[in-house]
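Asks: What follows is a single structure, and I will ask about it in a moment.
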Number of protein chains: 2
Amino acid sequence: MMLYDRNRILVESIRRLLRRKAMSHLKKIVNKTHAADLAFVFPSLTFPDQRILFNFIEDIETKAAIFSYLSEDDSRAFIDEMSLEEVVSILEHMPTDDVADLIGILPQETADAILNKMKIEGSQEVQDLLRYEDDTAGGIMTPDFIVFRENITAAEAIASLQKEHVDVEMPFYLYIVDDSDRLVGVSSLRQLVVVPSETPLKDFMTTQVISVRTDTDQEEVAKIVARYDILAVPVVDEFNQLVGIVTVDDVIDIIREEATEDILRMAGAGEEFVETQTVLRSIRIRLPWLLASCFGGIVAFFIIGKFEASLNKFAYLAAFIPVIMGMGGNIGTQSSTIVVRGLATGRIATRNFWSIIMKELMIGLILGLFYGLLVGAVAEMRFFSILLAISVSLAVLSSMSVAAFVGALVPLVFAKAKIDPAVATGPFVTTAIDIISVYCYFAIATTLLEL
Amino acid sequence: MMLYDRNRILVESIRRLLRRKAMSHLKKIVNKTHAADLAFVFPSLTFPDQRILFNFIEDIETKAAIFSYLSEDDSRAFIDEMSLEEVVSILEHMPTDDVADLIGILPQETADAILNKMKIEGSQEVQDLLRYEDDTAGGIMTPDFIVFRENITAAEAIASLQKEHVDVEMPFYLYIVDDSDRLVGVSSLRQLVVVPSETPLKDFMTTQVISVRTDTDQEEVAKIVARYDILAVPVVDEFNQLVGIVTVDDVIDIIREEATEDILRMAGAGEEFVETQTVLRSIRIRLPWLLASCFGGIVAFFIIGKFEASLNKFAYLAAFIPVIMGMGGNIGTQSSTIVVRGLATGRIATRNFWSIIMKELMIGLILGLFYGLLVGAVAEMRFFSILLAISVSLAVLSSMSVAAFVGALVPLVFAKAKIDPAVATGPFVTTAIDIISVYCYFAIATTLLEL
């Protein structure tokens, strides 16, 4: 059964049971459903219903897992309703990085009260994490990992694992530090099991450790984890002391976030997801991008003004403006999207500059020829003027080929200049294409028709 | 140092050494660089230079890793140049899923020759994998994993790990099957180490195993791994027999691929990355999407035709078409992008249908008011006609608010109808907005100006 259907069925069953007040049934369902699934259906329920379900959960680990999955707004609503003791007991079962994220969005007063009430060790870890910027390795790392000194033996490490390390998120890698807590190696549970038990860790650990710094950008962290196919990357401070790890599940979230950012940037709709933001904030984000396109439109207005005399002679000329602008705009969007995404994923490299641009120009010429003939045929059928038909065809052809060319050129130029192509491409390409399309059209038509 | 800089420096050093024919230096660099980094610089080098570097690699594991990372075209070029023995020896050190992907793109003859030469077991595994569709769990899984029968003890499992299982990709989860190879549980290396050594696996394994079927779509597999924060998901056949696992590093690649697909679909540029495809294939993919926009332009043409008489009286009216269409088109793209991506990431749910649409409409009205006044002011400054200024302002206002409304409405309607909003939204929104913008403008202007 697909995840989508499983979610839908779960939501429907829970709603039905809530309506029927079938509390014992609900309790059973809640306690046998995976925390991730439960968290996913929560947003579909009213807050009082969420409260009912949450109170039915018997296992504190599940409660903690749900808190890790909930949106910031939802978890804040829960915290407002719960006693401080309950909040703290749940937080103490959550991964430290999730606790820090949650504490970070609470009012200072509530945050302080919670931190004061938490066990000293956990509270200190949370406060340490709060020092780092949100979108750096420090901001996303967890301080819970398995670490050993380099001189202990495999057997001692296993014995220690059997006693402690219950709460680590990634119990697969073993990080190895020297006497000053500096990261010197990495090994795995698997190696621990395989080597003779008296071997000291430093004899079989890998010393070429891929690590990041606390201030490494999260996008860079994601790239590193993806590049080297590792399940977690250790995070070190300026003294190369091991302070945390970033696990692959957080990397998946980052990759999704970054894709969303790129998509929104290309559409000129900001970078953070604006739908969940207020109307005013959305407007502030979206207004500037529209300014570029408004500027392009006003320039096009003045260009058309130059051809006022021709328009007075043959007003119907104006009727082709939408199709010529539309075709140029759309093929330009195709080209720039392909290049922007190609650069982001590494499928396109700026060193192939000219071959990419020439290919797009070629595609623009062929598609422009096709649609030029099509729109020209419409013009001919309507006006029986072969010269008008040719003008319109040529205008579509030039608009589409220039648009494909510009659409590929602009992001490549930005990439070469080390400016994020996703941010800059949208407004530049749209504005340029609007202006060029209109100019080409009127220049060609007035010349051919001798208007 | 950023990955980007590290890559650049590596490429530059290697190129310099190649120019200087400093072979012993090159050999040193090649053998101390991570295979992932080497593979990343390979596409920046000419094929003969790639051959030189590749031959310098001493470790067959590194050669195999590079093959796993190389693009299909590059690895095919290498295979063409190498002896069959060399190819087979490298392939035998690669993960079976990567071997199957590679074999799948080779000419039948070469593929058969390689499979015949491979060790029987490996060759059989590869052929088994080739049976599955590329974008299903079967097509991306690896048949190398750790599996035990449910009755053996922890100590026996550890002893067995010390002898075999050298080649598994995810040596963290232990999968547990019954006597008919049916998946019955999962455990971890960590639990194996922690439990008393005489405990049989079935006493501590987790029996609620999240698994997928061989025919599960890869996007669904990625969602499951991401949802449950697991490092690998077991793949079972129709008899619930364990046949493979999909690991989280493959899931990362899928998530990237799917984001690319969504971005390209929204821009009407196909779903597979077209830049690497031939001009003709690109055209075939991009042509149909442009058809919708061409149709919209032609409808706009006929609408303007209806207002020919007004245009004959005041030709300059046409000069505002670009700015009105452009502003409508751009805000419509913002709204539809936000909704499409919001639906894809789960930030927006179709059950909030009306609140989302109303919010977008509100944003469209406010931004429309702002830009309407701006464009109206330009009209006033140029023509000193307050009625024209009002007409243009109203046209911008109505075009932008309708565009925001339609841009939000269309993807939500498609999502409710279970049609992928990313595919359908682009052409519909653009076409509708072109037509509506032009109509509103002329209807308002001719009424107010009594043309």
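Asks: At each listed q (0.20, 0.25 Å⁻¹), what is the log10 of I(q)/I(0) that the Debye formula gives for region A:296-391 modelled as equal alpha-carbon point scatterers?
Replies: Values, matching the q order: -1.05, -1.28.
Asks: Something else: Students often check this: by mean Cβ neighbours within 10 Å, which of A:125-136, A:289-300 ranks highest, and how do the rest follow?
Replies: Descending packing order for the listed peptides: A:289-300, A:125-136.
Asks: Which lysines does residue B:416 reach when only Cα atoms under 25 Å apart count, and residues fewer than 8 places away in its own chain are ignored?
Replies: Within reach: B:223, B:359.
Asks: Roughly how compact is the protein assembly as shown, stated as its Cα Rg over 2.2 N^0.38 Å to two decimals? Present the calculation step by step, with values, prior to reporting the outcome.
Replies: On the way: Rg = 30.9 Å, N = 902, 2.2 N^0.38 = 29.2 Å.
In units of the 2.2 N^0.38 Å rule of thumb, it is 1.06.
Asks: Can I ask one more? Need one value for B:307-316: mean number of C-beta atoms belonging to other chains within 10 Å of its residues' C-beta atoms.
Replies: 5
Asks: Inside 10 Å of the C-beta atoms of B:343-352, what's the mean count of C-beta atoms belonging to other chains?
Replies: Taking the mean over all residues of the peptide, I get 3.
Asks: A follow-up question, please. With a ≥ b ≥ c the root eigenvalues of the C-alpha gyration tensor of region B:7-54, is it rounded (a/c under 1.5), prolate (a/b larger than b/c) or oblate?
Replies: rounded
Asks: Could you tell me the calculated FRET efficiency between residue B:353 and residue A:24, based on Cβ-Cβ distance and R0 = 30 angstrom, to the nearest 0.05?
Replies: After rounding, the FRET efficiency stands at 0.30.
Asks: Between residue A:417 and the same site in the other copies, what are the distances in nm, shortest first, taking label points 7 Å from Cα along the C-beta direction?
Replies: 4.3
Asks: Related question: Which distances, shortest first and in nm, link residue B:59 to the matching position in the other copies, using label points set 7 Å out along Cα to C-beta?
Replies: So the distances to the same position in the other copies read 4.0 nm.
Asks: Additional query: Taking the Cβ of residue A:150 as the centre, find all other residues whose Cβ is under 14 Å away and add up their charges (Lys, Arg: +1; Asp, Glu: -1).
Replies: Neighbourhood net charge equals -2.
Asks: For the cross-link pairs A:313/B:313; A:27/A:63; B:28/B:63; B:27/B:63; A:63/A:163; A:28/A:63, which exceed 18 Å when the distance is taken from alpha carbon to alpha carbon?
Replies: A:63/A:163
Asks: For chains B and A, what's the summed buried accessible area, probe 1.4 Å, to the nearest 100 square angstrom?
Replies: Heavy-atom accessible area buried at this interface is about 10900 Å².
Asks: Same structure again: Expressed as a rounded percentage, what relative contact order does chain B have, with Cα pairs under 8 Å and six or more residues apart? Kindly include the intermediate steps, with their values, before the conclusion.
Replies: Values: 613 pairs, mean separation 47.2, N = 451.
Answer for chain B is 10 percent.
Asks: Could you grab the Rg to Rh ratio for region B:87-189? Cα atoms only, Kirkwood for Rh.
Replies: 1.03
Asks: Additional query: Where q = 0.16, 0.19, 0.20 Å⁻¹, what log10 of I(q)/I(0) comes from the Debye formula for region B:41-110, counting one point per Cα?
Replies: The Cα Debye sum returns log10 ratios of -0.50, -0.72, -0.81.
Asks: Where both partners of a DSSP beta bridge lie in the protein assembly as shown, what percent of those bridges are antiparallel, to the nearest 5?
Replies: Rounded to the nearest five, the antiparallel share is 70 percent.
Asks: Sort shortest first the distances from residue A:120 to its counterpart in every other copy, using label points 7 Å along the Cα-to-beta-carbon line, and give them in nm.
Replies: Residue A:120 label point versus its equivalents elsewhere: 6.7 nm.
Asks: Need one value for B:332-341: mean number of C-beta atoms belonging to other chains within 10 Å of its residues' C-beta atoms.
Replies: Shielding by partners across B:332-341 averages 6.
Asks: Mean separation of Cα pairs under 8 Å and 6+ residues apart, divided by the residue count of region A:301-451: what relative contact order is that in percent?
Replies: Here the relative contact order equals 35 percent.
Asks: So with the 1.4 Å probe, I'd like the accessible area per residue for the protein assembly as shown, rounded to whole Å².
Replies: 43
Asks: Okay, moving on. Accessible area of residue B:370, 1.4 Å probe, to the nearest 10 Å²?
Replies: It works out to around 90 Å².
Asks: 222 nm [θ] for the protein assembly as shown, helices only, -39500 (n - 2.57) per DSSP H run of 4+, per residue, to 500?
Replies: Theoretical 222 nm ellipticity from helices: -22000 deg cm²/dmol.
Asks: Here is a further query. Which of the residues in region B:171-201 lose at least 40 Å² of accessible area when you go from the chain alone to all protein chains together (probe 1.4 Å)?
Replies: Output list: B:171, B:172, B:189, B:190, B:193, B:194.
Asks: Obtain the nm distance between the two label points defined at residue B:151 and residue B:105 by a simple spin-label model: each point lies 7 Å from its Cα along the Cα-to-C-beta direction.
Replies: Taking the simple label geometry, residue B:151 and residue B:105 are separated by 4.7 nm.
Asks: Here's something else I'd like to know. Kindly provide the Kirkwood hydrodynamic radius of chain A in Å, to one decimal, from all pairs of distinct alpha carbon atoms.
Replies: 26.9
Asks: In addition: What FRET efficiency would be calculated for the residue pair residue B:210, residue B:55, taking the C-beta separation as r and a Förster radius of 51 Å, to the nearest 0.05?
Replies: 0.70
Asks: If I model a spin label as a point 7 Å beyond the Cα along the Cα-Cβ vector, how far apart are those points for residue A:116 and residue A:239 in nm?
Replies: Distance between the two pseudo-spin positions: 3.1 nm.
The values are calculated or read from the model by the stated rules, or taken from the named source; none is laboratory data. Note that this is a predicted model, so its numbers are computed, not measured. All Cβ positions, even for glycine, are placed from backbone atoms using ideal geometry, and neighbour counts span all protein chains on display. Quick note on the areas: whole protein, heavy atoms, side chains included, nothing else; ligands and nucleic acids left out. Shrake-Rupley method; radii C 1.70, N 1.55, O 1.52, S 1.80 Å.
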